[in-house]
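Remarks on the structure that follows.
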Amino acid sequence: MLAARLSALPAFPLAQRMSRMKASAVREILKVAERPDVLSFAGGLPAPELFPVEAIAQAHAEVLADDGRAALQYSTTEGYGPLREWITSHLGEGGLHAATDQVLITNGSQQGIELVAKVMLDPGDVVIVENPSYLAALQTFSGFEVDFAVVGSDNDGMRVDDLERLVGGERKPKLIYLVPNFQNPKGTTLSLERRHALVRFAQRHRILILEDNPYGELRFRGEHLPSLASLDTEGVVISLGSFSKVLAPGLRLGWAVGPRELIRHLTVIKQASDLHTASLAQRAAARLLTRFDFNAHLETLRAVYGERCQTMLSALEKHMPAGTRWTVPEGGMFVWVELPRGMSADTLFPLALDKRVAFVPGSPFFASEPRSEFMRLNYSNRPSELIEEGMRRLGAVIASQQQ
Ligand code: PMP
C-alpha cells in the first residue's frame, strides 16, 4: 500500500548534472550476464579464490583484539599512518619517491577519481581522455558537467603525438585522465617513449595528469615501466593506486599520491565527502602487509592471470573466424576484441546470451564517436577450462553471423 502511494508521488526536480548521468550500460549488461547458466566474460572481477581470506580474517581479529577501540573510533581523513608509510615505501621500491604526507588513503581508486574531479573541474571544463576509456571514470567526470576531448590509442596506449591539437582552442583542457598499465577496456600499455612525451607535454602546458593505475602490479609478461608520477619533477601528476586487484575489492582501499598542495585539497574535499576511509579496514590491511608475504601473493596472481590470459589468447586463435583481431596484454585483466568487418557487438550480445556466453559490448567505453565493432573480454575471473569453452561458444556465434 505504502509503496504504491510513494510511487504515485510527483518526482522531484533533479540537479542539472543528472541529465548527463546515464545508468552504466555495463551494470545493466552484467545483470543479465551473471545468470548462473551463462559463461560470462563481461565483469571486471578478480579471481575470488585468490583472495587471502584467512590472512585478512586473522589481521582483522588481531586488530580488534589489540587496538579494537581505536580501530572502531573515528579517525583522520588522511588515513592510518602505518598504512600510508607502507604505501610510501612500496611506491619507492617501484621508483616513485614520495613522502608519507603526499599519500591520501581513499575508498578505492574510484574515490580518487571523484575527489580529483571535485577539486579540479567546473561545468564546461575540458578533460582529455583516451577513446575508449574506463567507463566509471567517464561517468564521474560527466557528473561534473565537463566536456571531453578525446584522443585515440593503439597497441602502445594513448596517442600522445595527437595531444597537441587539443590545446590550441579557446578552452584549455584542465585534466588528462588515463590508465597507463593494462588499460580498461583495451588491456594495452603506454610505451616508455610515450610516458616521457606525455609528462613533457603536461609540464609544457601545465595540465594535470590523472594517472589511474589499479592494474600496474599485475604484469605477467615484459618489463616493468616507470609510472608517470615517477617521471615527473614538476608536480603535474596525481597517481592513483588500489588494493582492489591485489588484495580484495571489498576492502575498498586505495590511495592518491601527488604534489603536497593538491593532496591537501583532496583531503579537505574527502573530509566533506565521507570523513575518512574505514579505520578497521585500514588497520587490518596495514597489519596484514607487515607480515604476510605480499610479494609471493603478487607472484601467484601474476602466474594465474598470465596463464588465464594465455589460454584466452590461444582459444581466440583457435576459435575466432578470420577477420577477428584482439589485443595481447602484458598484464591486468582484459582483452579487447575487434570483430570482423561490418559486425556489431551490440547485435551479437543477445545471440551470444542464447548460446550462454557473455561479454561487454565496446560502445559504452567511448566518450565520443562510439564504435560498435569491439567487445571487452575478462580472463581473470574464470578458470582456464571455462575460458576455452567460452571462446569456443563465442567463436561459433561470431562465425554464424558471417554467412
Ligand atoms: N580504475 C580502473 C581503470 C578500474 O578498472 C577500476 C575498477 N574496475 C577502478 C579504477 C576502481 O577500482 P577500485 O575503486 O576498486 O580501486
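Of all residues being part of a helix (DSSP H, G or I) and either buried (at least 23 other Cβ atoms within 10 Å of the Cβ) or among the aliphatic types (A, V, I, L, M) (or both) in the range 232-272, which is nearest to the ligand (Cβ to nearest atom)? Just the residue, please.
Top of the filtered list is 251.
Within the set of pairs 6 or more residues apart or between chains, which connect a residue that is within 30 Å of residue 300 (Cβ to Cβ) inside the range 190-218 to a residue that is of a type in the set (D, E, K, R) and away from the ligand (no atom under 16 Å from the Cβ) with Cβ atoms less than 6 Å apart?
So the pair list comes out as 191/156.
Within the range 77-147, which helices (runs of 4 or more DSSP H) (wholly inside it) include 3 or more residues that are away from the ligand (no atom under 16 Å from the Cβ)?
Ranges flagged: 81-93.
Among the residues of the range 196-212, which ones are surrounded by fewer than 22 Cβ atoms within 10 Å (Cβ to Cβ) and either within 18 Å of residue 155 (Cα to Cα) or within 13 Å of the ligand (Cβ to nearest atom) (or both)?
If the condition is that a residue be surrounded by fewer than 22 Cβ atoms within 10 Å (Cβ to Cβ) and either within 18 Å of residue 155 (Cα to Cα) or within 13 Å of the ligand (Cβ to nearest atom) (or both), then 196, 197 are the ones that fit.
Residue 316 is checked against (1) away from the ligand (no atom under 16 Å from the Cβ); (2) in contact with a strand residue (DSSP E or B) (Cβ under 6 Å, 6 or more places away or on another chain); (3) closer than 28 Å to residue 120 by Cα and fails just one. What number does that condition carry?
The number of the failed condition is (3).
With respect to residue 370, determine if the residue is surrounded by 15 or more Cβ atoms within 10 Å (Cβ to Cβ), in a helix (DSSP H, G or I) and at pLDDT below 95.
When the stated conditions are applied, residue 370 does not pass them.
Here are some residues: 53, 32, 103. Which one is surrounded by fewer than 17 Cβ atoms within 10 Å (Cβ to Cβ) and in contact with a strand residue (DSSP E or B) (Cβ under 9 Å, 6 or more places away or on another chain)?
Result: 32 is the single residue among 53, 32, 103 that is surrounded by fewer than 17 Cβ atoms within 10 Å (Cβ to Cβ) and in contact with a strand residue (DSSP E or B) (Cβ under 9 Å, 6 or more places away or on another chain).
Under 18 Å from the mean Cα position of the chain (by Cα), open to solvent by 50 Å² or more (accessible area, probe 1.4 Å) and either within 30 Å of residue 358 (Cβ to Cβ) or at pLDDT below 90 (or both): which single residue out of 5, 27 fits that description?
27
Across the range 273-309, which residue is surrounded by the fewest Cβ atoms within 10 Å (Cβ to Cβ) among those that are within 24 Å of residue 44 (Cβ to Cβ) and of a type in the set (Val, Ile, Thr)?
Looking at the filtered set, the residue picked out is 300.
Residue 112: open to solvent by less than 30 Å² (accessible area, probe 1.4 Å) and among the small types (Gly, Ala, Ser), yes or no?
Judged against the criteria, residue 112 is a match.
Go through the range 304-340 and report how many residues are out of contact with any Asp or Glu (no Cβ under 6 Å at 6 or more places or on another chain), free of Cβ contacts under 8 Å to residues at least 24 places away in the same chain and charged (D, E, K, R).
1
Kindly provide the set of residues from the range 60-83 that are open to solvent by less than 30 Å² (accessible area, probe 1.4 Å) and touching a helix residue (DSSP H, G or I) at 6+ places or on another chain (Cβ under 8 Å), ordered by number.
63, 71, 77, 79, 81, 83
Would you check which residues across the range 212-231 are in a strand (DSSP E or B), acidic (Asp, Glu) and out of contact with any Ser or Thr (no Cβ under 7 Å at 6 or more places or on another chain) and list them?
Those that are in a strand (DSSP E or B), acidic (Asp, Glu) and out of contact with any Ser or Thr (no Cβ under 7 Å at 6 or more places or on another chain): none in the range 212-231.
The values are calculated or read from the model by the stated rules, or taken from the named source; none is laboratory data. Given the structure is predicted, the values throughout are model-derived calculations rather than measurements. Backbone-built Cβ (ideal geometry, glycine too); neighbour counts: all protein chains shown. Each accessible area value is taken on the protein alone, full model and side chains, heavy atoms only, with ligands, DNA and RNA left out. Shrake-Rupley method; radii C 1.70, N 1.55, O 1.52, S 1.80 Å.
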